[in-house]
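Following: one structure in structure tokens, then a few remarks.
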Amino acid sequence: MSPLFVLAVLFVSVSSLSPAEDTRLRERFLLGTMGLSGRPQPAAGRSDRNKVPAALWRIYRRSERRQAEQGDACTVSEYGVRGNIIRYVQDQGRLVSGGSEGCQGCLEKQLFFNMSVLQPVELLSLAQLEVHFYWKPFTSAEILQGPQVVSVSLYKVLRATLKGANPKANRRLLLSQSVQLQHKPASLTLDVTDLAENWRKPARNYGLVLELLPQVTNPEELLPFQPGTSLTLEPALSRPLVQASLVAVSLNPHQCRSRQRRSAIHVPVTPSNVCKARHLYMDFKDVGWQDWIIAPQGYMANYCHGECPFPLSESLNGTNHAILQTLVHSLDPNRTPQPCCVPIRLSPISMLYLDNNDNVVLRHYKDMVVDECGCR
């Protein structure tokens with residue numbers, strides 16, 4: 001069902017409800033057609049454009065261009081997978097340890113991503129882990145030492161660890177490699193789609209553990225990772241030196257059904273009462289959604305309105321059935337109505353918003369803009 005059709009239905013008042021209840025019912029119904037179980041309420045209380053990762057902004061702008069060219073709104077070409085929803089799921093893990101007697105510069109960080117933000121109907125196409133490392137030298141000696149190298153190990157946590165037990169007994173190594181930390185951020189990416197799919201099952205998500213160890217070629221050298229410098233956390237006003245996020249691409253099959261495109265004959269129609277597309281701008285401020293929708297602030301939705309008179313010209317894109325119906329209507333207008341003026345060509349839009357967990361979501365919606373109307 002087209003969201004525009006549902007939007008039109010919502011304007012029909014429900015006489016048995018109060019105005020406030022009527023408004024809430026319409027909003028809940030519309031959100032349901034958009035694949036949302038309820039109105040998102042970000043913790044920040046308002047949409048924040050600064051929270052959108054630069055990569056997601058690029059995908060959003062490219063998707064706008066593709067949609068203008070009538071591209072596929074249910075394929076994420078940047079990742080080469082099918083999907084109409086892209087989420088940057090925030091890491092909710094904690095710092096396990098920030099150094100020990102044997103390794104002053106070591107860091108162990110738990111990574112946890114809440115996959116319950118995906119609805120059961122969604123098909124997970126890709127889950128890509130992105131970890132960014134930052135190093136800020138605090139002394140001139142550290143600057144002269146140049147790039148620093150750490151050994152990065154990533155473990156899957158197999159089960160919860162009982163108190164007093166060795167936590168490493170419940171881990172499985174996924175990745176081990178060296179990363180060079182310079183003045184610019186370093187990063188690594190890893191496809192964890194199978195893991196993330198398993199995390200969607202109840203009581204199966206125990207997260208990951210990231211372990212960072214300094215690499216020193218000469219043991220007599222001063223360790224570059226001293227307390228309060230690099231691999232411990234920076235002061236509270238600074239960001240941590242390790243940041244992780246999970247890019248989850250999913251497909252809602254109900255919103256991505258394939259539809260055959262109809263060829264249209266573009267002939268200008270001069271009479272104002274004849275079926276054609278009319279301008280309708282949807283401003284999200286008008287419905288109070290500006291606190292969770294980041295972009296766009298609104299869009300030109302349009303609608304169809306007008307008559308389908310006899311004889312039905314080619315410019316009105318009528319079917320054979322509509323042509324016959326107009327003929328019968330001209331002979332007996334009291335018993336047979338005119339064909340309806342309806343959308344016959346629609347295009348998608350993309351939307352950036354924050355969900356209840358402050359995750360940034362990019363979602364593509366098909367059939368949101370009326371491009372052409374016809375008689376049916």
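The values are calculated or read from the model by the stated rules, or taken from the named source; none is laboratory data. What you are looking at is a predicted structure, and each value in this text was computed from that prediction instead of being measured. We place every Cβ from the backbone using ideal geometry, glycine too, and count neighbours over all the protein chains shown. Ligands, DNA and RNA are stripped out before the accessible areas are found, and what is left, the full protein with its side chains, is counted by its heavy atoms. Shrake-Rupley method; radii C 1.70, N 1.55, O 1.52, S 1.80 Å.
Of the strands (runs of 3 or more DSSP E) lying entirely inside region 166-217, the ones with 3 or more residues being more than 20 Å from Phe112 (Cα to Cα) are found at 171-181. Within region 37-64, residues that are open to solvent by 90 Å² or more (accessible area, probe 1.4 Å) sit with their Cβ atoms under 9 Å from residues that are modelled with pLDDT under 85, at 6+ positions apart or across chains, in these pairs: Ser37/Leu31.
Checked against (1) within 39 Å of the chain's Cα centre (by Cα); (2) open to solvent by less than 30 Å² (accessible area, probe 1.4 Å); (3) at pLDDT 90 or above; (4) more than 21 Å from Arg26 (Cβ to Cβ), Lys276 meets all criteria but (2).
Kindly check whether there is at least one residue in region 74-83 that is within 17 Å of Val360 (Cβ to Cβ), in contact with a His (Cβ under 7 Å, 6 or more places away or on another chain), assigned to a loop (DSSP other than H, G, I, E, B) and modelled with pLDDT of 85 or more.
So far as region 74-83 goes, no, none of its residues is within 17 Å of Val360 (Cβ to Cβ), in contact with a His (Cβ under 7 Å, 6 or more places away or on another chain), assigned to a loop (DSSP other than H, G, I, E, B) and modelled with pLDDT of 85 or more.
Taking the criterion of being in contact with a Lys or Arg (Cβ under 8 Å, 6 or more places away or on another chain), part of a loop (DSSP other than H, G, I, E, B) and surrounded by fewer than 18 Cβ atoms within 10 Å (Cβ to Cβ), the residues of region 325-376 that qualify are Cys340, Asp355, Asp358. The residue of region 84-107 that is nearest to Leu158 (Cα to Cα), among those that are in contact with a Pro (Cβ under 9 Å, 6 or more places away or on another chain) and at pLDDT 85 or above, is Tyr88. Going by what's in this entry, would Asp283 be described as within 39 Å of the chain's Cα centre (by Cα), of a type in the set (D, E, K, R) and closer than 20 Å to Val52 by Cβ? It is false that Asp283 is within 39 Å of the chain's Cα centre (by Cα), of a type in the set (D, E, K, R) and closer than 20 Å to Val52 by Cβ.
In this entry, Leu213 is excluded by the filter for residues that are at pLDDT 90 or above and of a type in the set (A, V, I, L, M).
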